[in-house]
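J.: Below you will find the structure I want to go over with you.
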Amino acid sequence: MTAAGAAGPVDGSDDRGGLRAALGGLTTRGRSFLAAGVAAAVCAYVLGQGDLLRVGLLLAVLPLVCVVVLHRTRYRVTGSRRLSPSRVPAGSEARVHLRMDNVSRLHTGLLMLQDRVPYVLGPRPRFVLDRVEPGGVREVSYRVRSDLRGRYPLGPLQLRLNDPFGMCELTRSFSAYDTLVVIPRTEPLPPLRLSGAASGYGDGRHRSLALAGEDDIIPRGYRHGDDLRRVHWRSTARFGELMVRREEQPQRARCTVLLDTRRIAYQGAGPGSAFEWAVSGAASALVHMVERGFSVRLLTDEGSAMPEGSGDGFAGPAQESAESAGLMLDTLAVVDHSDGGGLSRAVDVLRGGDEGLLVAFFGDLDEEQTAVAARLRQRSRGAVAFVLDSDDWVGGGEGVASAPAAARLRLLREAGWTAMAVPPGAELAGLWQRAGQEGSGGQPAGTRAPGAPASGAGSTAGFSGGWS
């Protein structure tokens, strides 16, 4: 039997282990027949009963013949696996489609198909396939679901071949693996117009050079080597010297999503823990900002920008919005606690220049780390912080911030943050709405970021910048 996976064929009829390995595939029935035959043969020899000896030989030879026949069977079967979808939010289901093709000229026997999946995705799926005719195809599917984010391998796919008497069972494995990525849950966030980034848009917006396009035309003097097709004749006639077009385009607004992953900043574990809420909140924020046309960077307390994009960590221009968001969600699918004790590395990353909007998800902050977070605010044009009190989450409190936590929030607000306390089980959309109202003075939405897709009728277009 030859088995193949999505990655290519694998020889499933080789003699790895030879006939001795095939003997290991004897079922309980086959072993019982073999033991009974040997016992009958011994008794026949002792008692001198020829008829009993023939019965014993028949019982012993039958399972051995089944092993030899099954071992020498040459089926050529190919298989493939398809995930729909391959990236799924935690708590949602994905469907796995299996396809088996008989590419030999023989009918197959009874086949048992089994796929290996991690226990967190559910029970191991098993399917019984009837005889598959030459050139025939069988398709089956099963569903997997996980409440825990992560990357889970699926495979290898296994086929079990049985003889008609049920004496022997041989297993052949395919070679192909697939990976199911379970990303954090994301919430749709309301689009808001927030003040604090007027310098990024309008008549006074910053601009960056473009290699081509139909944006605003700014003429400059001709230089040796310039393409003559870029000569701007109207400006040439006006200034009396040869002028060429210098085409520019608006610079995309920037947003940094900061996730505090310090182990000492969170307590508890599981889907309902404070850390998982922070990861889910960071995922929701970055997806929302990417959809609004912002150039988004994902940052942790360790100072690592994920995924690697341009030199400053933001997604490169060649990456589409959906691709950038997908890469960052894949990173958040496997992010774990760090052993760091502070946020100083994040300050070092944000030290250079204008970083645009900063959205941070903090765990427990002591007095020292609150001062560090205050310095983070100085590196951005606008900043909002969602602060989780682990004691409140573990104790199942009613969301009333303790005196130390309230003091930390007050210090962050005095430093210019729009700081929001996150009670246990809170919805990010509501906190996002409140943060927008506090940061913009309740201004209505209406302006979208450059490069963002137009919103549907009756909907707002997105952030105009950051929190002031």
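The values are calculated or read from the model by the stated rules, or taken from the named source; none is laboratory data. Note that the structure is a prediction, hence the values are computed from the model and not measured. Heads up, the Cβs are rebuilt from the backbone with ideal geometry, glycines too, and the neighbour counts pull from every protein chain shown. Only protein heavy atoms, including side chains, enter the accessible area calculation; ligands, DNA and RNA are left aside. Shrake-Rupley method; radii C 1.70, N 1.55, O 1.52, S 1.80 Å.
J.: Taking a probe of 1.4 Å, how large is the accessible area per residue of segment 60-203, in Å²?
T.: 50
J.: Could I ask something else about it? Sort segment 332-372 into rounded, prolate or oblate with this rule: let a ≥ b ≥ c be the square roots of the eigenvalues of the Cα gyration tensor; rounded if a/c is under 1.5, and if a/c is not under 1.5, prolate when a/b is larger than b/c, oblate otherwise.
T.: Oblate shape, in that a/c is at least 1.5 and b/c is the bigger or equal ratio.
J.: How many nm is it between the label spots at THR179 and GLN378, if each spot is 7 Å from the Cα in line with the beta carbon?
T.: Taking the two extended label points, one gets 4.1 nm.
J.: From the protein chains alone at 1.4 Å, what is the descending order of accessible area for SER92, SER338, largest first?
T.: SER92, SER338
J.: Same structure, new question: Karplus couplings for segment 50-55 from phi (6.51 cos²θ - 1.76 cosθ + 1.60, θ = phi - 60°), rounded to Hz, Gly and Pro as x?
T.: Taking θ as phi minus 60°, the curve returns x, 5, 5, 5, 5, 5 Hz for segment 50-55.
J.: Give the long-range amide H neighbours of GLY356: residues separated by 5 or more places, or on another chain, with amide H under 5 Å away, using H modelled in the peptide plane at 1.01 Å from N.
T.: The list, which skips near neighbours in sequence, is ARG381.
J.: To continue, here is another question. Using the Karplus curve 6.51 cos²θ - 1.76 cosθ + 1.60 with θ = phi - 60°, work out ³J(HN,Hα) for each residue of segment 161-172 in order, rounded to whole Hz, and write x for Gly and Pro.
T.: With coefficients 6.51, -1.76 and 1.60, one gets 10, 10, 7, x, 8, x, 7, 9, 9, 10, 10, 10 Hz.
J.: For a quick check: with amide H placed at 1.01 Å from N, whose amide H comes under 5 Å from LEU129's, ignoring anything fewer than 5 positions away on the same chain?
T.: Those lying under 5 Å, H to H, from LEU129 are LEU111, MET112, LEU113.
J.: Could you tell me which of rounded, prolate or oblate describes segment 68-169, using a ≥ b ≥ c as the square roots of the eigenvalues of the alpha-carbon gyration tensor, with rounded for a/c under 1.5 and, failing that, prolate when a/b is larger than b/c and oblate otherwise?
T.: prolate
J.: Can you give me the long-range amide H partners of SER146? Hydrogens built in the peptide plane at 1.01 Å from N, cutoff under 5 Å, separation of 5 or more residues or another chain.
T.: Residues meeting the criterion, in which the H sits 1.01 Å from N, are GLY91, SER92.
J.: Measure off 7 Å from each Cα along the Cα-to-Cβ vector at GLU427 and SER92, then give the distance between these two points in nanometres to one decimal.
T.: My value for the distance between the label points is 1.8 nm.
J.: Still on this model: Starting at the first residue of segment 382-390, write each ³J(HN,Hα) from the Karplus equation 6.51 cos²θ - 1.76 cosθ + 1.60 with θ = phi - 60°, in whole Hz, x for Gly and Pro.
T.: x, 8, 9, 10, 10, 10, 9, 9, 4
J.: Tell me the accessible surface of VAL88 in square angstrom (1.4 angstrom probe, heavy atoms of protein chains only), to the nearest ten.
T.: Approximately 10 Å² of VAL88 is accessible to the 1.4 Å probe.
J.: Sticking with this structure for a sec: Determine the gain in length on full extension of the stretch ARG124-ASP147; use 0.36 nm per residue of separation and subtract their C-alpha separation, reporting nm with one decimal.
T.: Residue separation times 0.36 nm, minus the Cα-Cα distance, leaves 6.6 nm.
J.: In addition: If a/c stays under 1.5 just call it rounded; otherwise compare a/b with b/c (prolate if a/b is bigger, oblate if not). Do that for segment 251-307, with a ≥ b ≥ c from the square roots of the Cα gyration tensor eigenvalues.
T.: oblate
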